[in-house]
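The values are calculated or read from the model by the stated rules, or taken from the named source; none is laboratory data. Keep in mind that this is a model prediction, so the values were computed, not measured. Here the Cβ positions follow ideal geometry from the backbone for every residue, glycine too, while neighbour counts run over all protein chains shown.
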Amino acid sequence: MCGIVGYLGSRDPKDIIIEGLSKLEYRGYDSAGVAIFNENQLVRVRAEGKLSQLKQKIQDLNLTFTGPSGIGHTRWATHGRPSEHNAHPHSSGPIMLVHNGIIENYLELKKELMGKGYQFESDTDSEVVAHLINDRWKQYGNLLTAIKKVLPELKGAFSIVVLNQENPNELVAFKDGPPLILGLGQNEYFLVSDVAASLAYTSRYIYLDDREIVRVTPEGYAVFSESGVRLSKTVTEVAWSADQVEKRGFRHYMLKEIYEQARSVAHCLEPFLDREQFRLKPMMEWSSVEGVHIVACGTSFYAGIYGQYLMEILGGIPCRVDVASEFRYRDPVLSPGTLVLAISQSGETADTLGAVRLAKAQGSPVVSICNVKQSSLDRESDVTFYMNCGPEIGVASTKAFTATLVLLNLLAMDLARYRKRLNADLEFQMLRRLLELPSQIEVVLAYDKYFQDAADALKRYRGFLFLGRHVLYPIAMEGALKLKELSYLHAEGYPAGEMKHGPLALIDEQMAVVVLAPQDDLYEKTLSNLQEVKARGAKVIAVGTLEDEQLKSLSDRYLSIPKVPWNINPILAVIPLQLMAYHLACSLGHDVDQPRNLAKSVTVE
Ligand code: M6R
């Protein structure tokens, strides 16, 4: 939520900051703003709406910026509606700052500051911090000291970069919660929410920990603890390239990421394969694990439900799954021997992190599945398995989902092997099937034309139900989520067997039903459920195995996937659903990479 960029160096700060913000726009796009030095004057420009509005405004105003420093922000509104006066940077006296997160005690602080005569021009919580820093700066005459005084007073989740009109050669930043990363260039520094913002200039980064403060000047950088102790930090070399965060000729990031899935699944598998023995490399120590509790949000939560089936069917141990925001506030009972498995593409989802911290406080070991190395989740987990699928920029998660399903297969196999439920032959067969996945994904992608046609036909419906059983039930929910977040149409995912317990009442000619019915052990039962909705007048789109004539005859539209075992069906069946949601949203004229009201990385509760 919200993307921030700070720059200090000798290049044109406007170009660096605007380019950085364009890579962070996935984090929020309600408004955008910059504050950049020009001949020792700090110039602020803000605009409601997407970054393009800000760019236009800067161009229209014919502004030049000479640097050497500046800050920029792209906003996902929490406090105060999306508008120019609520857009960042916020200022107080010579202080100008950008903020990602929420200041929970802002009302209390605001009251105190108003009592001292500070006047507020926005409805945001962020402006409180600007006044507070200004207040302490007036007292101590030093920005770093002022921030050291302010940090203990702030409650909530924040990463903040501060500029001082009085000193263009200094940037000070601090965080508690949302990510803040210092990029180290050649005599230049970047303070960013995500390395994507500055990968074109450097691959060397320092990940700040909570309640740390960093000061950069042309002479260098220094990181301090809240109490002022100078810290020595590890510099991480980031393997992602600038090219990976480009669209590479695709119309949208989402489409590019859907098409990357054959490759991303292969990358995800590779580190765990012992190719000589054709075996799965040992992944983790299971001896003390008696149960697994999965926590995640959104698409990662649906992946978690799929994981639950695998852990119980293959691993033979109890497994529960929770939406992280529920888990963390219901006093969950984690029995001894419970391993908590957190799933998060970004590794920065506030609720998932909250759930992990709670589990750790109760003494549970935490293993995570995550895409972003050095993210908060990665750093706070005992063990992390990386999705290895490269940066995912589209707000709708796609390639991270399929990579997670692959990793869940590997983990369940590792557990099953430890518990002597997976003999060498079955292990060989399962691995072979996983290795075949990339080429089967290519086959499904080759049918995109049919998915686009199906999406066209869906335009006239007012509601959508997605039905599946067993491991296809979470895929039904994921298909519905993709459709609603991109098309803004109502869609629900249901276990096919639940229809007669209520949802059948929704069925009429204006309802389209997507039935996931590839051939598996429950195929006949799913077919009966399909007949029930068909008999009540629904338009049926079916996803089935190869040329399934029986299923075809019962459906208005039929989409085919290759013949694969039950555990692989979901990884292929989700692709037509991703593409249908994508095409439907495009034909409705929606911005698929930046759906309304959403942001990629949900760093607030
Ligand atoms: O980064 P995470 O995997 O923790 O994100 C979780 C959800 O916010 C995310 O999956 C969200 O539901 C996506 N917009 C779904 O496409």
>> Being assigned to a helix (DSSP H, G or I), out of contact with any Gly (no Cβ under 6 Å at 6 or more places or on another chain) and exposed (fewer than 15 other Cβ atoms within 10 Å of the Cβ): is that true of P282 here?
In response: no
> surrounded by 24 or more Cβ atoms within 10 Å (Cβ to Cβ) and in a loop (DSSP other than H, G, I, E, B) - does that describe any residue in the stretch 18-32?
Replying inline: yes
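To keep it simple, each residue is scored yes or no on (1) more than 16 Å from the ligand (Cβ to nearest atom); (2) over 26 Å from L199 (Cβ atoms); (3) in a helix (DSSP H, G or I).
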{"residue": "R379", "(1), (2), (3)": "no, no, yes"}
{"residue": "T384", "(1), (2), (3)": "no, no, no"}
{"residue": "R417", "(1), (2), (3)": "yes, yes, yes"}
{"residue": "R421", "(1), (2), (3)": "yes, yes, no"}
{"residue": "D425", "(1), (2), (3)": "yes, yes, yes"}
{"residue": "F428", "(1), (2), (3)": "yes, yes, yes"}
{"residue": "E436", "(1), (2), (3)": "yes, yes, yes"}
> What are the residues in the stretch 189-210 that are in a strand (DSSP E or B), out of contact with any helix residue (DSSP H, G or I) (no Cβ under 9 Å at 6 or more places or on another chain) and buried (at least 18 other Cβ atoms within 10 Å of the Cβ), if any?
Replying inline: Y189, L191, I206
> Are any residues in the stretch 265-291 more than 23 Å from the chain's Cα centre (by Cα) and either of a type in the set (V, I, T) or within 16 Å of the ligand (Cβ to nearest atom) (or both), and if so, which ones?
Replying inline: V289
> Would you say A403 is outside any loop (DSSP other than H, G, I, E, B), more than 14 Å from the ligand (Cβ to nearest atom) and modelled with pLDDT of 95 or more?
Replying inline: no
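Would you be able to tell me the number of residues in the stretch 211-235 that are assigned to a strand (DSSP E or B) and either among the hydrophobic types (A, V, I, L, M, F, W, C) or free of Cβ contacts under 8 Å to residues at least 40 places away in the same chain (or both)?
At the first step, the residues of the stretch 211-235 found to be assigned to a strand (DSSP E or B) are 212-217, 220-225, 230-231.
Cutting the leftovers down to either among the hydrophobic types (A, V, I, L, M, F, W, C) or free of Cβ contacts under 8 Å to residues at least 40 places away in the same chain (or both) gives us 212-214, 216, 220-225, 230-231.
Looking only at that region, the number is 12.
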> Out of all the residues in the stretch 306-323, which are among the hydrophobic types (A, V, I, L, M, F, W, C) and either more than 13 Å from the ligand (Cβ to nearest atom) or at pLDDT below 95 (or both)?
Replying inline: L310, M311, I313, L314, I317, C319, V321
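Results for (1) under 19 Å from V540 (Cα atoms); (2) in contact with a strand residue (DSSP E or B) (Cβ under 7 Å, 6 or more places away or on another chain), shown as yes or no for each residue.
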position	(1), (2)
L435	no, no
D448	yes, no
A454	yes, yes
L467	yes, yes
K482	yes, no
Y494	yes, yes
K500	yes, no
P503	yes, yes
E509	yes, no
> Taking the stretch 335-350 on its own, how many of its residues are of a type in the set (A, V, I, L, M, F, W, C) and either within 14 Å of the ligand (Cβ to nearest atom) or outside the structural domain of L411 (by TED's automatic domain parsing) (or both)?
Replying inline: 4
> Within the stretch 351-370, is there a residue that is in a loop (DSSP other than H, G, I, E, B) and within 14 Å of the ligand (Cβ to nearest atom)?
Replying inline: no
>> Take the conditions under 29 Å from M430 (Cβ atoms) and either surrounded by 23 or more Cβ atoms within 10 Å (Cβ to Cβ) or not hydroxyl-bearing (S, T, Y) (or both) and apply them to W240. Does it pass?
In response: no
>> Exactly one of these conditions fails for E326: (1) away from the ligand (no atom under 15 Å from the Cβ); (2) surrounded by fewer than 22 Cβ atoms within 10 Å (Cβ to Cβ). Give me its number.
In response: (1)
> Pick from the stretch 113-164 the residues that are among the polar types (S, T, N, Q) and under 24 Å from N40 (Cα atoms): which of them is surrounded by the fewest Cβ atoms within 10 Å (Cβ to Cβ)?
Replying inline: Q139
